[in-house]
Every structure is written in C-alpha cells, then in structure tokens.
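K.L.:
Sharing a structure here in structure tokens format.
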Amino acid sequence: MSELRTVAVLGTGTIGKPVAQNLVRAGFPVRAWNRTPEKAEPLETDGVRVVETPAEAVAGADVLITVLTDGAAAEDVMSDQGAADAASDGAVWIQLGTVGIAAAEKLAALADERGLVFVDSPVLGTKEPAEKGELIVFASGPEQAKVVCEPIFDVIGKTTHWVGEAGIGTRMKLVVNSWLLALVEGAAETIALARPLGLDPNGLLEVMAGGPLDTPYLHLKGKMMIEHRFDPSFTLQLAEKDARLVLEAAERADLELPLVEAVHRTLERGIELGHGEEDLAAAILAVEADHVETC
C-alpha cells in the first residue's frame, strides 16, 4: 500500500463516489474533485479529502482516476483545467468512463504528451455494483502498469479483464454495451407487447426464470419497467450516449447495426419525452408512448 500514497478521483457521480469511498475504506489516501462541489462534499465524512480543482487533486498523486461523463469532459478536466500538467511525471492515469474509440485515442495521446501512463479501463456496472465494489473492469494498458492498478481494481471491482494495449478496453466495453442495449430494448418491447395482449408482464418473468433465455438483467430492468419505477441507477441519457458511441464504432468498422440504431431512436425518444434523467428502464415509456400515438 505504501506504493500508492495518494489516489486522485476526478468525478464523484454515480460510479465515482463509491469508487472513492471504497478506496479510502481499503486504506488508500484519496483526494476527490467534482465539477459540482456539493456532490463531492459528503465524501469528507468517509475520510476523503475533497478539493476545489482537478489540479489540486492530482498534485503529487501516484494514481489519477477519471470517472467522467464522456470523452469531452475527461479531456476538459485533464487538459483545459490543468490536471495533466499538475500530475507527477510517470503517474498512472486510470480512465474508467465509457468515452468511445476516438476519445480514448485522444486521451492516450494527451497522456503520452504529459508523461503519464494511460490505462484505459471502462467499467461495467451501475450504482449498486459500484457501491459493493463489484464492477467489472475492462483494463487495457502497458504491462508494467498492472502492479499499480490491480490493488485498486481489486477494491472497486469483482472481476478485472486485462484485454490488451490501451484502447482495447474501450472497444471491449462498446461491444458489451451493444449486447446490453439489445437486452433493454428487447425487454421494453416484450413487456409493452404483453399488456395489450391481455397478459400480466410479471408472467413473462416467471416463465423465463431459470430457462435458457433467462438473464438477471431481464428481471432487474423488467421489474422496473413493469412497475414504472425509474429511480436512476444508470440514466437513460447516459445510455443514449453509449448507444451513440457504439454506432460511431460501427461506422469506423464500415458496419451497419440496425438493432442498435433502433435502440438509439428509442432512447432519443425517451429523452424527448423528458425521461433523460430517469433510469434506462424508462425506455419502455418511449415504446408505450409510440404505441398509444399509433393507436
């Protein structure tokens, strides 16, 4: 632990806050910064040192962790707000957000220019897994960074997959997100179909349980959809961003993904209807709204 004297966490939202809490509970000295200071201030009761600027957070830190909304936010904090310049030469920069391929490449180049070791490590998981330290980490970066990163990943995650050089983690996360988006859209459309056919959607969950087509995610999001309960674990607005990044990756590969395009339209519709800050499960409201409008 002495090798990791200080960890700086930049971004204390749904994932960043529990990351900081779990690290300080594990004995890491942690500094934290957030664009909206009120979201970071409660961390002081956990023993996290909350600071006013990104540069103050990273100064002298061995490890910098960015947990920000997108690539533009990460670039702004690290470049325009001076975090990369204030960081110690050779510090390890762990990037946990889902930022897309183009942004990951830009951030890696920025790290190289500033003498930082870039570890592209987007995570799978939302509020509850983050709080329990059960995120899934798709880590990618230089081999020598593993000794620094693994004690951190062991605290914040349940499983770490080292998938290759920096940038491969982002590509793996986008592929996984493509599957996740398909599951959510499938659940929304299936549950929306059950009701007008005179079926109780709970019956769908019962007949699927334990079978070859069952998934835990169907029950998690399906219950929320059936009950119209959308307390955010992962917002619909962030899901729309992720769907857009998947489509951008597909365009790079000269590949059409009609299913993801349809999911993206559903998520955009949900945002238009005012559900952007609700949970991703609110996608069903977009499906149901369009059904009502066409009847």
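Read the figures in this text as sums done on the coordinates, not as results from a lab. Since the structure is predicted, the reported quantities are computational estimates derived from the model, not experimental observations. Here the Cβ positions follow ideal geometry from the backbone for every residue, glycine too, while neighbour counts run over all protein chains shown.
K.L.:
If each of residue 53 and residue 206 carries a label point 7 Å out from its Cα toward its Cβ, how far apart are those two points in nm?
P.N.:
6.2 nm
K.L.:
For the range 225-295, what D do you get in µm² per second when you plug the Kirkwood radius from alpha-carbon pairs into Stokes-Einstein at 20 °C and 1.002 mPa s?
P.N.:
My calculation gives 171 µm²/s for D.
K.L.:
How about the range 12-66: which GluC sites (Glu not before Pro) there lie in a loop by DSSP and see at most 14 other Cβ atoms within 10 Å? Provide the component values of the computation, followed by the final result.
P.N.:
Details: sites: 38, 44, 52, 56; in loops: 52.
Counting only loop positions with at most 14 other Cβ atoms within 10 Å, the GluC sites (Glu not before Pro) in the range 12-66 are 52.
K.L.:
Tell me, what is a quarter of the convex hull surface for the C-alpha atoms of the range 1-44, in nm² with one decimal?
P.N.:
It is 2.8 nm².
K.L.:
Using only Cα atoms, what is the ratio of the radius of gyration of the range 112-238 to 2.2 N^0.38 Å?
P.N.:
Details: Rg = 18.4 Å, N = 127, 2.2 N^0.38 = 13.9 Å.
Its radius of gyration relative to the 2.2 N^0.38 Å reference: 1.32.
K.L.:
With 27 Å as the limit, write out which pairs from 39/146; 158/223; 132/241 have Cα-Cα distances beyond it, or answer none.
P.N.:
Correct reply: 39/146.
K.L.:
Something else about it: When only alpha-carbon atoms are used, what values of Rg and Dmax, in angstrom, describe the range 136-208?
P.N.:
Over the range 136-208's Cα set, Rg and Dmax evaluate to 19.0, 59 Å.
K.L.:
Can you tell me the convex hull volume per residue for the chain, based on C-alpha atoms, in Å³ to the nearest whole number?
P.N.:
136 Å³
K.L.:
Here is a further query. In Å, what is the Rg of the alpha-carbon atoms in the range 178-238, and how long is Dmax?
P.N.:
11.6, 33
K.L.:
Please report the base-10 log of the normalised intensity I(q)/I(0) for the range 172-294, using a Debye sum with one equal scatterer per alpha carbon and no solvent, at each q in 0.21 (1/Å).
P.N.:
Evaluating at q = 0.21 Å⁻¹ gives log10 I(q)/I(0) of -1.21.
K.L.:
I would also like to ask the following. Could you tell me the extents of the range 36-155's C-alpha atoms along the three principal axes, largest first, rounded to whole Å?
P.N.:
That works out to 36, 30, 26 Å along the principal axes.
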